[in-house]
1. Scan segment A:8-18 for residues that are under 22 Å from A:Ala153 (Cα atoms) and surrounded by 19 or more Cβ atoms within 10 Å (Cβ to Cβ) and report the count.
2. For the structure I just gave you, tell me whether B:Asp536 is crowded, with 22+ Cβ neighbours inside 10 Å and either in contact with a Gly (Cβ under 9 Å, 6 or more places away or on another chain) or under 19 Å from B:Arg309 (Cβ atoms) (or both).
3. Here are some conditions: (1) touching a helix residue (DSSP H, G or I) at 6+ places or on another chain (Cβ under 9 Å); (2) without any contact (Cβ under 8 Å) to a residue 60 or more places away in the chain. B:Tyr229 meets all but one. Which one does it not meet?
4. What is the one condition in (1) at pLDDT 95 or above; (2) more than 18 Å from the chain's Cα centre (by Cα) that A:Arg295 does not satisfy?
5. Looking at (1) buried (at least 21 other Cβ atoms within 10 Å of the Cβ); (2) hydrophobic (A, V, I, L, M, F, W, C); (3) away from chain A (no Cβ under 14 Å), can you tell me which one B:Ile280 breaks?
6. Just a yes or no: is a residue in segment A:222-230 farther than 30 Å from A:Arg295 by Cα and of a type outside the set (Val, Ile, Thr)?
7. If I ask for residues that are in contact with a strand residue (DSSP E or B) (Cβ under 7 Å, 6 or more places away or on another chain) and within 11 Å of chain A (Cβ to nearest Cβ), which ones from segment B:240-265 would you list?
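The values are calculated or read from the model by the stated rules, or taken from the named source; none is laboratory data. From a predicted model like this one, the values you see are computed outputs, not experimental measurements. Cβ sites come from the backbone with ideal geometry, for glycine too, and all protein chains shown count toward neighbours.
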Number of protein chains: 2
Amino acid sequence: MSVSVVQPSRTAWSRLRPFGAGQVDLRTGFWADRVRINRERTIPHGLDQLRRAGTLDNLRLADGYRAAADSTGATLPFLDSDVYKWLEAVGWELARGPDPGLAASADEVIALVTATQRADGYLNSYVQAGDGEPYRDLSWGHELYCLGHLIQAAVAWHRALGDDRLLDVAIRAADHLPGPLVDGHPNIEMALVELARVTGDRRRLTTAARMLELRGHGTLPGARFGAGYWQDHEPVRDAATVAGHAVRQLYLDCGAVDVAVELGDDRLLGAVRRRWDDMIRTRTYLTGGLGSRHRDEAFGDPYELPPDRAYAETCAAIASVMLAWRLLLATGEAGYADSIERTMYNGVLPGISLTGTRFFYTNPLQRRTHRVLDGAGPRLPWYPCACCPPNLMRLLSSWQQYLATCDDSGIQVHQYAAAEVRTELPSGPARLRIDTGYPWDGRIILSLLETPAEPWTLSLRVPRWCRTATLTGPDGTLAVGAGMVKRHRRWQPGDVVELSLDLPARITEPDPRIDAVRGCVAVERGPLVYCIETADAPGRTEIEELIWDPSREPAVRPRPDVAEAMVGVTVPVLRRRSGAPATAGAIPYFAWGNREPGAMRVWIPR
Amino acid sequence: MSVSVVQPSRTAWSRLRPFGAGQVDLRTGFWADRVRINRERTIPHGLDQLRRAGTLDNLRLADGYRAAADSTGATLPFLDSDVYKWLEAVGWELARGPDPGLAASADEVIALVTATQRADGYLNSYVQAGDGEPYRDLSWGHELYCLGHLIQAAVAWHRALGDDRLLDVAIRAADHLPGPLVDGHPNIEMALVELARVTGDRRRLTTAARMLELRGHGTLPGARFGAGYWQDHEPVRDAATVAGHAVRQLYLDCGAVDVAVELGDDRLLGAVRRRWDDMIRTRTYLTGGLGSRHRDEAFGDPYELPPDRAYAETCAAIASVMLAWRLLLATGEAGYADSIERTMYNGVLPGISLTGTRFFYTNPLQRRTHRVLDGAGPRLPWYPCACCPPNLMRLLSSWQQYLATCDDSGIQVHQYAAAEVRTELPSGPARLRIDTGYPWDGRIILSLLETPAEPWTLSLRVPRWCRTATLTGPDGTLAVGAGMVKRHRRWQPGDVVELSLDLPARITEPDPRIDAVRGCVAVERGPLVYCIETADAPGRTEIEELIWDPSREPAVRPRPDVAEAMVGVTVPVLRRRSGAPATAGAIPYFAWGNREPGAMRVWIPR
């Protein structure tokens, strides 16, 4: 049984195959902790918030549930999707291990969803509680967007648990579609491809492909932010750059990759890759964050990357991981895994508190003052538009699926965490244990627990940020450069390979074309971007009064006061007014906003 | 008859008295041209656009007009205000000289407004065409905002022409107010004070004062951008900094100054001055532009001044002139006139094309690319939300009123243009002619045409940007520094005073705390900020590929190709990639966007 988020079919033009959820076990360390907190705290918190916010009540439209409803109906058309994202997260969690309480809660929610579906298959609480007329506001109604999330939850329950209750609902809802439509918020495209993959029904794929072709001709009415906002300004296979609402663009391109690999459409895949390359080069924050405009949650012009007004929506970072993963599977190129790493640590993770129950919707790289008047305040337990929290839940619940892949030649390890992975290579089963204190420590030890007798290739990603790396194995030690390092040999059980990544604190200069951070530097270590918060400023000086002191070096310093095992960096600074030297503490950016409210900066003026 | 925009009463705690419209005649040169274009092209264009947009039709609610209506009613609640601003502009224009065609058009519009007013005095086409219930949505309804503009138009017609048709309407509409209310968009406060001034009815002043006190307690519902958006977060006399929507804040503070000087409320005046000082220091663009956020048209944090995403709404610059003028009258301090000069040339004027019939709503200091997807495109003939164009009309029609003031000691000249000013000093009439080619030329010659025999003081503003200035008069020549230069003497008809302001092209470095332009310089000359456009880039290089070459000096160069008499600056640059030296042309920022579409920068990277 294949149990991963994205599962290209056997005939797809895809280079790598995902490991399934059951083939990777996170053991201990950084990501195991984050995934555990997601399971134990975030997902239960999510259910509680869905109840409090009335999002579950919105679905109580069926007779049996009406009496229980204490909500007056959804105020936003896309809220059902948050329920589906939560269900998707629970599906992946139950595959990683039983939890009777969680399973019972999910049963209840699935029953609610099932009961709410109309006899004709249509399912959308906002429309059903309203005038009941489907597909009347494709621009802003989010009906296909919600359907897409329903399908993705259904696919997760099918793949992870073999439980088809949601799949039956999803198929009937998808059957209600009158044909290919253009929705103001892409999402349905990738969902239909996944539905085709689990059901074998190629018509879903054809519909998704047609939806892609229909977009880009300016047919969506009500484009108050311009047709580019929802990528309706240029055909998907022509547009040279990303544009408009960041999440919409990235979800659309996820669907485009899914269609492209299934149909062997290299031109379509090429268009997505060109957009991706341009986006990474000209419109991506150091953190992997995407979207520099608040007004329309949108990409800006090339090199328009203000740190203070970075929108960098948590969902856009998640969507970037989803797209990079699809491109990695399709091409096998290590650069996509580099992006996943940068974005997971610095774009996705800042969106959730260390406690797992407080969220950021936007992720600026600078906050000048604690006194915020416009609502961009501290982390919140939920949002009126709550897309990000359950999106984080489903990503974290499937995190280990991004760790490694395989193909006929062997195993590729893309992300590093203490884990055990097992797969069936053409010549037999292989089992690999990874021990590491990554990202705090750069030593990664891979032990072969089981291996076929035939030779095969173990590939390890050396991250692009790494300037000095060595690989020690049965053949000795050698220096390795960035990219995929491949070792083809006849492996023995007990063989050990050690990848050692040097992790000094390093100073990063921005691209000179980024106006907003000209004359600044950032501190990084390993895959992590660092920031200075008021709590770590010397003598609680205002952050804005500090400038970088190039005459001294940053140094690494343990920060158990912020989080267990955390490694911080001490940053040499000068006080702007007096010129007096001082030292500020920097912590990983993902951990900001977890202490007393204050200011924060990633980019420090020189 | 007093004929100026703001006319503090005799008992007001105000230092300077405005010259009336009829006491200053612009003769030739820069501002005379702009004012003439406003009269001959912009105002007729405005009437045409008000017709085309249906804004006049919105008012055709009275029986006699119903048949003529071809509009389905206003789509935005504040559109009536654009009609009133246009009428205000026409009032000032007719005072400057007759124009039978314009007068006839205005008569028609005044008759329309008069007919639309309900029998009970209420007048608002949006509400009247809707449910007819006044004051139900104080937060977003803009009813008192529209009433404020009606009153200001009425005051203009009363002062400029002694025509009280609109004043009768305005008084009846003001009488309909049930008492002091808090409106989501301040404006009514200054209007009521002006109404008190022209009618002598102090109850209007009391109502305005009470409205100021009611605001700032978080009572306005629907604050989706936070209470600070409409300055309802802190009492007007307590708030230490400007906040929220820029035009709202500045209009509110205009009303606060008006109330403060009439009531002798120094604490209230002090609060506005402190906010102003902080705003100029931390939240004002080099151009005088205000408001750095698109999302809510709002001020940002201190030093949050992105050039690319500068909102810098044209109306905010106009409001800044209105507020600075009130503060100048109240205090006599030259710094406020410095601000008016900077903002008039670089904040207001960019909002209107050289032809007078195309407008910018926002005024960024950088445009990276011509290819704009989100609607921030080229200058437009009108906007769906058309607040800026008629606001420009009324400001330009009253421009000469900002030129000079008087008090019992003599005359103060604040702005420089070829003009004749005449006033009655306590000891007799005085008449002064000003000859200058300002702002292109720094020589300003003031000739006394008529003067009392008694000694009096002639005061001239030496702008803060000027590093070398000399004053030559009957007493000889001397170097003078920034601020008001005062000459007290027994003047003779025929006396000539020459102020000579040195006008080299100069390089301006930004405040180091402004993150967004760190490592850049700007070019200025005299009161003008300059910019580089694609059309003037060497070999049409992309603007973004040019960096400043500090080894060479900028030089002055005539630019008759852009506009008559215009003086440009040649800017030494290097090509970023090759390092090859080149020369770019810079033109005054106010003139940008008048040629072929392209990129533009004010701040050039070093």
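1. The number of residues fulfilling the criteria is 3.
2. yes
3. (2)
4. (1)
5. Single failed check for B:Ile280: (1).
6. Scanning segment A:222-230, I find no residue that is farther than 30 Å from A:Arg295 by Cα and of a type outside the set (Val, Ile, Thr), so the answer is no.
7. B:Gly244, B:His245
Conditions (1) farther than 24 Å from B:Ile340 by Cβ; (2) in contact with a strand residue (DSSP E or B) (Cβ under 6 Å, 6 or more places away or on another chain), marked per residue:
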position: B:Pro504; (1), (2): no, no
position: B:Asp511; (1), (2): no, no
position: B:Val562; (1), (2): yes, yes
position: B:Thr583; (1), (2): yes, yes
position: B:Ala586; (1), (2): no, yes
position: B:Ala591; (1), (2): no, no
position: B:Met600; (1), (2): yes, yes
position: B:Trp603; (1), (2): no, yes
position: B:Arg606; (1), (2): yes, yes
